[in-house]
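Scroll down for the structure; my scribbles are underneath it.
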Amino acid sequence: MNVQGVEDSLGKAVVLTSTERMTQALNFLRRFSVVSYEDVEDFITVGVWNEPEQEVFFNILDEARAGGIAFPYLIPNLRTRLRIAVSRSFHMIDRVGGISGLGSMVFEPERGATPFKVYNSKMFSVNFEEGEFGRISGVPGSGKTNAACRLLIEEYVRPNRLVFTNIMPTTYGEDGSPEYPDPNVVYSMNVKELFINIAERGKDSKWIFILDEGGLVYSKPDAATRRAKDLDKLARVIRKLHGSFVVIEQRPDSIPTIIQEFSTVLFYCEKPPGIVNVELKGPVIAHRARIKDVPKTTLPFDTYDIAYFSVSGVNIPAVFEAISGSREPFNTMRDVMLRTKEARDSLNLCGYCGKKMDRIHPAQKYCDMNCRQNAYRAKKRDSPEPILEDPAEME
């Protein structure tokens, strides 16, 4: 018997198994933003060999659950500590030569991914009732926008179900502006268009606003900016407008806290495109899966469009104040956003701050001198614009 040959074969087997197990561990950590507490507990059980360290990790998870943290990836530094602990476990196996121990490090009990065709694809959007949130993340070029179009937009839209999005179509309407063939998918390139579309079509429908490249205007590093605060206000009242909110962003940890905490639909896209990790957390369906062969969408979208969503040009708090207490809030929003003379006259709104005012003169446009001066300055610098234009400009 060739003893040397047996040892060489065993050594190669150990190397191959080690490579496979480490690849599984890295894949798990890459999609950490969509894993559940149960997944992390299983990962610690098979991947962290140091028993005191295991106990520390389990205590961290228990404390996070008790503290109301919705997802494990929101626990500070947890992913980094797991990377270090698993790396240490692999080095420990290498020293003791524990081939059976290496075999027990099964980070993906269900190997591979389930083909898309076995699913009823309506399930991916069924959780979106009023006031729900979702997020789609993944590295550049991993098919995030395609996943949003194929798994959400195509499956959600139908009569009385609309999608507003800044994902730009490659088809055009009769007036030459970008427009999707399906009238229930409405392109909105900025917040003004979004509000007008909501006002005109959202009254008798449920809808989703899907914000592509959300990190350009709405992310944790920008949390203190006016535009991020204004979008936060929209997110907080979106249920009252019959809507839901989905953000597409490359880095899940840069998505605003309100979206992180309340998301019930989570997608993480892998390369090559077509592999999507799905976490559905209710209220209709709770399911977790890794799906492969997600097909190309039939929606004609421009994958190279920057998709910058401008929040300037609308004083969002003033719009909400104008519609608060209205018996016809969608009609009021439409009048305010279209900045009609009739809206200004009938609602008695200040042309800068948007607050109701007591007119001293029928031609009065602003509630006081301060708003008059601010309206003038707004045209000279980047500041909140008045929600109503000058009557002369409107005519």
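The values are calculated or read from the model by the stated rules, or taken from the named source; none is laboratory data. These numbers come from a predicted model, not from an experiment. Neighbour counts are summed over all protein chains in view; Cβ atoms, including those assigned to glycine, are modelled from backbone coordinates with ideal geometry.
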Residue ranges of strands (runs of 3 or more DSSP E) in the stretch 239-315 with at least 3 members more than 29 Å from LYS203 (Cβ to Cβ): 263-270, 275-281, 286-292
Selection status of SER87, over 30 Å from VAL294 (Cα atoms) and either within 27 Å of the chain's Cα centre (by Cα) or at pLDDT below 85 (or both): yes
Where a residue in the stretch 324-335 is more than 15 Å from ASP204 (Cα to Cα) and not assigned by TED's automatic domain parsing to the domain that holds LEU241 and its partner, wherever it lies, is of a type in the set (Asp, Glu) and surrounded by fewer than 20 Cβ atoms within 10 Å (Cβ to Cβ), with Cβ under 9 Å and at least six apart: ASP335/GLU342
Cβ-Cβ under 8 Å pairs, at least 6 apart or on other chains, the stretch 355-384 side assigned by TED's automatic domain parsing to the domain that holds THR225 and modelled with pLDDT under 70, far side part of a loop (DSSP other than H, G, I, E, B) and of a type in the set (Lys, Arg): none
Members of the stretch 193-209 found to be part of a helix (DSSP H, G or I) and under 21 Å from ILE248 (Cβ atoms), listed by number: GLU193, LEU194, PHE195, ASN197, ILE198
Count of the stretch 13-72 residues which are in a loop (DSSP other than H, G, I, E, B) and either within 27 Å of the chain's Cα centre (by Cα) or under 22 Å from GLU270 (Cβ atoms) (or both): 8
Those residues of the stretch 167-189 which are free of Cβ contacts under 8 Å to residues at least 40 places away in the same chain and of a type in the set (Phe, Trp, Tyr), in sequence order: TYR172, TYR187
